[in-house]
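A short worksheet on the structure shown next.
What follows draws every value from the coordinates through simple rules; no lab data is involved. Just so it is clear, the structure is predicted and the values come from calculations on it, not from any experiment. Positions of Cβ are generated from backbone atoms using ideal geometry, with glycine treated the same way; all protein chains shown enter the neighbour counts.
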Amino acid sequence: MAALPFYDTADISALNDQAVILLKLFGARGYTRQEPSILQPAEIFLDRSGEEIRRRTFTLTDPSGDELALRPDLTIPICKHAVDSGASLPARLSYNGLAFRYQPNRPERPTQFFQAGLELLGLADAAAGEGEILGLAFESLRAVGIQDFELRFGDLALFGALVDALELPTSWRERLKRNFWRAGYVETFLRRLGDGAEKAPSRAEVEAALDAQTLGAPAGRTREDVIARAMERGAEAAALRLDPAIAGVITKLFGISGPVEEAMRETRALLAAANIKLDGPLTAMDARLKAIAALGLDLSKVRFTAHFGRNMEYYTGFVFELWAKDAEGPVQVAGGGRYDTLMQSLGAAKPVSAIGCALRTERLLAARKFTGVA
């Protein structure tokens, strides 16, 4: 059975005291607190979060037949409310509350947890938005007494720019970018195409494969949708073959991970050897590193991973995680990134620049206790 957390008086007091510190900081920086309903329309998550979160979302049907979900994150409902209410932009919003996710592979982890977070919506200057959210994330950790932490980050925009610079069919480019964050997906896709192993499946083969999955079609999709999409993808892949040189550039990029200055040298060398110019993303990366150093974090505590994507499908560019230590070792205490297409997918008339950060407050508390702060 999945772990069901129980909070005693001491736990509640410690979490409340920590929340006061964080929310006071957010308010002082101009972020207005919001609290979306715990029960939300399921479709806003199932259509936008990605397969990883879809399979971990608790859904139910109310007596009227509407499909609801226990919110697996707070970013989507906050952004949905901003769209529906016609919020003036830029908007600076904050929250502190419970989120719920099933943990199929880690039953010892709780199915509910507290998150505090920030959403910066509609700030046109993307670099300024990144600096503001990163700065507040750093401030948050320091405000609760965590001084020793590391930053790990990636940039989906860098991979997207690389894909756009290669001679690939448009549909392939979109498929690679859309599935960038899925562990092993791009590598397997490239390998099969390079080997010429792809073939168009028959309908019977797709139906048999679907029948073999005891969970059936993913939530929010009909069986016919799944079959049609599988056959379409298979036919597309079977019709084309990938130049091994192209696959090699992508594979080598995915292998780049390490201290940020070393990783960026490797990235530049790879692109130069392949005669690929990505001046825009690389210039933005240089500016980002200067901003990180200006926020007081030594670059020796910063790691760059080219194949770094968080498990929310709506991220579009810069993504990051902050890591500290608790009694069990390294622990991710915060994470976030840019999601410039989410607002439009929720009904906004045009794309809205957006970036946010979530803090796992129970992990923060564990890290504080380990360092003797709490």
Query raised in the report: Quick one: if you stick a label point 7 Å off each Cα along the C-beta vector at THR251 and ASP148, how many nm between them?
Result: 4.0
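What does the extension gain come out to for GLU207 and ARG29, with contour length at 0.36 nm per residue minus their alpha carbon separation?
58.7 nm
Report the FRET efficiency, 1/(1 + (r/R0)^6), for ILE276 and THR9, where r is their Cβ-Cβ distance and R0 is 41 Å, rounded to 0.05. All intermediate terms of the calculation are to be shown ahead of the outcome.
Numbers: r = 59 Å, r/R0 = 1.44.
So, using R0 = 41 Å, E works out to roughly 0.10.
Please work out how much length the chain gains when fully extended from HIS81 to GLU328, using 0.36 nm per residue of separation minus the C-alpha to C-alpha distance, in nm with one decimal.
85.1 nm is the gain from fully extending HIS81 to GLU328.
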Report summary line: Flagged as over-length at 29 Å C-alpha distance, from LYS24/LYS177; LYS80/LYS290; LYS80/LYS252; LYS80/LYS177; LYS177/LYS277, the pairs are LYS24/LYS177; LYS80/LYS290; LYS80/LYS252
Report summary line: Here the FRET efficiency for ARG55 versus LYS301, based on Cβ atoms and R0 = 41 Å and rounded to 0.05, is 0.75
Report summary line: Site ARG178, offset 7 angstrom along Cα→Cβ, radius 14 Å on amide nitrogen, limited to region 289-324, gives 313-314
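Compute the length gained on full extension between ASN105 and ASP164: take 0.36 nm times their separation in residues and subtract their Cα-Cα distance, giving the result in nm to one decimal. Let's see the in-between values first.
Working: separation 59, 0.36 × 59 = 21.24 nm, distance 3.51 nm.
Difference between extended and current length: 17.7 nm.
Which FRET efficiency value, to the nearest 0.05, do you get for GLU67 and ALA269 by plugging their Cβ-Cβ distance into 1/(1 + (r/R0)^6) with R0 = 41 Å?
That gives a FRET efficiency of 0.25.
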Report task. Using only Cα atoms, figure out Rg for region 280-374 and give it as a multiple of 2.2 N^0.38 Å. Result -> 1.28
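Just want the ordering: SER13, SER353, from fewest to most Cβ atoms lying within 10 Å of their own Cβ. Don't jump to the answer; show the numbers that get you there.
Working: SER13 11, SER353 20.
By the 10 Å Cβ count, ascending: SER13, SER353.
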**Report entry** Fewest-first ranking of ILE355, ILE44, using other Cβ atoms within 10 Å as the exposure measure
**Finding:** ILE44, ILE355
Query raised in the report: Put a dot 7 Å past each Cα toward the Cβ at THR222 and LEU289; how far apart are the dots in nm?
Result: 5.2
